[in-house]
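The values are calculated or read from the model by the stated rules, or taken from the named source; none is laboratory data. None of the values given here were measured: they were computed from a predicted structure. Backbone-built Cβ (ideal geometry, glycine too); neighbour counts: all protein chains shown. These accessible areas exclude ligands, DNA and RNA; they are computed on the full protein's heavy atoms, side chains included. Shrake-Rupley method; radii C 1.70, N 1.55, O 1.52, S 1.80 Å.
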Amino acid sequence: MDDMDHRILTALHACGADPRVASAARGLSLAGEHGALWLAAGLAGAAVDGARRGAWLRGTALVAGAHLGSMGVKRVVRRARPAHVRPRVRTAGRHSFPSSHATSATAAAVAFGALGASALAPLAVAVCLSRLVVGVHYPTDVAAGAALGALTARAGARWMRDGVPGASHPGRRA
(Lines give C-alpha, C1' and ligand atoms only; values in the text may rest on other atoms or scores of the structure.)
Protein backbone atom coordinates (compact mmCIF):
# COMPACT_ATOMS: atom_id res chain seq x y z
CA MET A 1 0.00 0.00 0.00
CA ASP A 2 2.86 2.40 0.70
CA ASP A 3 4.06 2.07 -2.90
CA MET A 4 0.56 2.82 -4.21
CA ASP A 5 0.25 5.78 -1.78
CA HIS A 6 3.55 7.17 -3.07
CA ARG A 7 2.63 6.71 -6.74
CA ILE A 8 -0.81 8.31 -6.43
CA LEU A 9 0.56 11.22 -4.42
CA THR A 10 3.38 11.75 -6.91
CA ALA A 11 0.92 11.81 -9.83
CA LEU A 12 -1.49 14.25 -8.15
CA HIS A 13 1.34 16.43 -6.87
CA ALA A 14 2.58 16.69 -10.46
CA CYS A 15 -0.73 18.38 -11.38
CA GLY A 16 0.50 21.30 -9.30
CA ALA A 17 3.23 21.98 -11.86
CA ASP A 18 0.58 24.12 -13.54
CA PRO A 19 0.71 27.40 -11.59
CA ARG A 20 -3.08 27.81 -11.80
CA VAL A 21 -3.65 24.37 -10.27
CA ALA A 22 -1.01 25.00 -7.60
CA SER A 23 -2.57 28.36 -6.73
CA ALA A 24 -6.08 26.90 -6.49
CA ALA A 25 -4.82 23.99 -4.35
CA ARG A 26 -2.98 26.35 -2.01
CA GLY A 27 -6.09 28.53 -1.70
CA LEU A 28 -8.31 25.55 -0.91
CA SER A 29 -5.82 24.25 1.63
CA LEU A 30 -5.61 27.64 3.30
CA ALA A 31 -9.41 28.00 3.40
CA GLY A 32 -9.75 24.57 5.00
CA GLU A 33 -7.11 25.20 7.68
CA HIS A 34 -8.47 24.26 11.13
CA GLY A 35 -11.88 23.68 9.52
CA ALA A 36 -12.33 27.46 9.12
CA LEU A 37 -14.19 27.28 5.80
CA TRP A 38 -16.65 24.71 7.15
CA LEU A 39 -17.18 26.42 10.49
CA ALA A 40 -17.89 29.66 8.63
CA ALA A 41 -20.31 27.84 6.31
CA GLY A 42 -22.17 26.37 9.28
CA LEU A 43 -22.41 29.71 11.04
CA ALA A 44 -23.60 31.35 7.81
CA GLY A 45 -26.26 28.65 7.47
CA ALA A 46 -27.38 29.33 11.04
CA ALA A 47 -27.53 33.07 10.34
CA VAL A 48 -29.66 32.82 7.21
CA ASP A 49 -31.84 29.81 8.08
CA GLY A 50 -33.49 30.91 11.31
CA ALA A 51 -36.02 28.08 11.23
CA ARG A 52 -33.22 25.51 11.42
CA ARG A 53 -30.64 27.57 13.28
CA GLY A 54 -30.21 24.93 15.98
CA ALA A 55 -29.61 22.19 13.42
CA TRP A 56 -27.00 24.32 11.67
CA LEU A 57 -25.24 25.07 14.93
CA ARG A 58 -25.27 21.40 15.96
CA GLY A 59 -23.94 20.49 12.50
CA THR A 60 -21.18 23.05 12.98
CA ALA A 61 -20.39 21.47 16.35
CA LEU A 62 -20.17 18.06 14.65
CA VAL A 63 -17.69 19.47 12.13
CA ALA A 64 -15.60 20.96 14.94
CA GLY A 65 -15.77 17.70 16.89
CA ALA A 66 -14.71 15.68 13.85
CA HIS A 67 -11.78 18.03 13.30
CA LEU A 68 -10.69 17.77 16.93
CA GLY A 69 -11.06 13.99 16.78
CA SER A 70 -8.77 13.82 13.75
CA MET A 71 -6.16 15.85 15.59
CA GLY A 72 -6.32 13.37 18.46
CA VAL A 73 -5.88 10.41 16.13
CA LYS A 74 -2.95 12.22 14.51
CA ARG A 75 -1.21 12.49 17.87
CA VAL A 76 -1.63 8.75 18.46
CA VAL A 77 -0.66 7.50 14.97
CA ARG A 78 2.16 10.02 14.39
CA ARG A 79 2.64 9.22 10.69
CA ALA A 80 5.18 11.54 9.11
CA ARG A 81 4.15 13.73 6.21
CA PRO A 82 5.34 12.71 2.74
CA ALA A 83 9.04 13.34 2.26
CA HIS A 84 9.36 12.37 -1.42
CA VAL A 85 7.57 15.47 -2.76
CA ARG A 86 8.17 19.13 -2.03
CA PRO A 87 5.21 20.60 -0.14
CA ARG A 88 3.56 23.64 -1.66
CA VAL A 89 2.13 24.89 1.65
CA ARG A 90 3.21 25.09 5.24
CA THR A 91 1.47 22.82 7.70
CA ALA A 92 0.43 23.38 11.29
CA GLY A 93 1.96 20.06 12.35
CA ARG A 94 4.28 17.36 11.15
CA HIS A 95 1.87 14.42 11.31
CA SER A 96 -0.30 13.43 8.39
CA PHE A 97 -2.70 10.62 9.39
CA PRO A 98 -5.56 11.30 9.13
CA SER A 99 -5.99 14.47 7.12
CA SER A 100 -7.84 16.93 9.33
CA HIS A 101 -8.76 18.95 6.23
CA ALA A 102 -10.46 15.87 4.76
CA THR A 103 -12.13 15.10 8.08
CA SER A 104 -13.72 18.52 8.50
CA ALA A 105 -14.55 18.86 4.79
CA THR A 106 -16.36 15.53 4.66
CA ALA A 107 -18.11 16.07 7.99
CA ALA A 108 -19.39 19.40 6.65
CA ALA A 109 -20.47 17.91 3.33
CA VAL A 110 -22.46 15.19 5.11
CA ALA A 111 -23.88 17.31 7.93
CA PHE A 112 -24.72 20.40 5.90
CA GLY A 113 -25.78 18.29 2.93
CA ALA A 114 -28.51 16.87 5.18
CA LEU A 115 -29.73 20.45 5.57
CA GLY A 116 -29.87 20.96 1.81
CA ALA A 117 -26.43 22.46 1.22
CA SER A 118 -25.45 19.81 -1.31
CA ALA A 119 -23.34 22.32 -3.27
CA LEU A 120 -20.71 22.00 -0.55
CA ALA A 121 -19.90 18.40 -1.52
CA PRO A 122 -17.85 19.27 -4.64
CA LEU A 123 -16.00 21.91 -2.65
CA ALA A 124 -15.23 19.32 0.04
CA VAL A 125 -13.86 16.95 -2.61
CA ALA A 126 -11.71 19.77 -3.99
CA VAL A 127 -10.30 20.52 -0.53
CA CYS A 128 -9.50 16.83 -0.05
CA LEU A 129 -7.71 16.64 -3.41
CA SER A 130 -5.87 19.88 -2.73
CA ARG A 131 -4.00 18.21 0.12
CA LEU A 132 -2.50 15.77 -2.38
CA VAL A 133 -1.70 18.42 -4.99
CA VAL A 134 0.14 20.50 -2.37
CA GLY A 135 1.98 17.36 -1.27
CA VAL A 136 1.27 17.25 2.45
CA HIS A 137 -0.78 14.03 2.69
CA TYR A 138 -0.80 10.53 1.31
CA PRO A 139 -4.05 9.35 -0.31
CA THR A 140 -4.68 7.02 2.64
CA ASP A 141 -4.46 10.03 5.00
CA VAL A 142 -7.17 11.77 2.99
CA ALA A 143 -9.31 8.62 2.72
CA ALA A 144 -9.08 7.99 6.47
CA GLY A 145 -9.91 11.63 7.23
CA ALA A 146 -12.90 11.53 4.89
CA ALA A 147 -14.13 8.32 6.52
CA LEU A 148 -13.74 9.81 10.00
CA GLY A 149 -15.60 12.95 8.97
CA ALA A 150 -18.45 11.03 7.34
CA LEU A 151 -18.80 8.67 10.30
CA THR A 152 -18.82 11.53 12.78
CA ALA A 153 -21.49 13.44 10.85
CA ARG A 154 -23.62 10.32 10.37
CA ALA A 155 -23.28 9.34 14.02
CA GLY A 156 -24.49 12.80 15.05
CA ALA A 157 -27.19 13.14 12.37
CA ARG A 158 -30.11 12.51 14.70
CA TRP A 159 -28.75 14.91 17.33
CA MET A 160 -28.13 17.51 14.64
CA ARG A 161 -31.66 17.19 13.29
CA ASP A 162 -33.61 16.77 16.54
CA GLY A 163 -31.48 18.37 19.24
CA VAL A 164 -30.95 16.95 22.70
CA PRO A 165 -31.45 13.16 22.77
CA GLY A 166 -34.34 12.08 24.94
CA ALA A 167 -36.07 15.47 24.87
CA SER A 168 -39.82 15.48 24.43
CA HIS A 169 -41.08 16.48 21.03
CA PRO A 170 -44.73 16.99 20.08
CA GLY A 171 -46.06 13.91 18.35
CA ARG A 172 -43.23 11.72 19.54
CA ARG A 173 -43.33 9.21 22.31
CA ALA A 174 -40.88 9.89 25.11
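Just wondering, is there one or more residues in the stretch 54-63 that are open to solvent by less than 50 Å² (accessible area, probe 1.4 Å), closer than 22 Å to His137 by Cβ and not in a helix (DSSP H, G or I)? No: zero hits. Within the stretch 67-86, residues that are on the phi > 0 side of the Ramachandran plot sit with their Cβ atoms under 6 Å from residues that are open to solvent by 30 Å² or more (accessible area, probe 1.4 Å), at 6+ positions apart or across chains, in these pairs: Arg78/His95. Gly42 fulfils the conditions (1) assigned to a loop (DSSP other than H, G, I, E, B); (2) open to solvent by less than 50 Å² (accessible area, probe 1.4 Å) except for a single criterion, (1). Being touching an Asp or Glu at 6+ places or on another chain (Cβ under 8 Å), surrounded by 13 or more Cβ atoms within 10 Å (Cβ to Cβ) and either modelled with pLDDT of 95 or more or assigned to a loop (DSSP other than H, G, I, E, B) (or both) is true of Ala102. Taken over the stretch 47-60, residues that are closer than 16 Å to Ala153 by Cβ and without any contact (Cβ under 8 Å) to a residue 60 or more places away in the chain amount to 3. Give me the residue from the stretch 105-131 that is touching a residue at least 12 places away in the same chain (Cβ under 8 Å) and not in a helix (DSSP H, G or I) and, out of that set, surrounded by the most Cβ atoms within 10 Å (Cβ to Cβ). Among those residues, the one meeting the criterion is Ala117. Among residues of the stretch 11-25 that are closer than 15 Å to Ala126 by Cβ, those with a Cβ under 6 angstrom from a residue that is modelled with pLDDT under 90 and not β-branched (Val, Ile, Thr), sequence gap 6+ or separate chain, pair up as Gly16/Arg88; Val21/Cys15; Ala22/Gly16; Ala22/Arg88; Ala25/Gly16.
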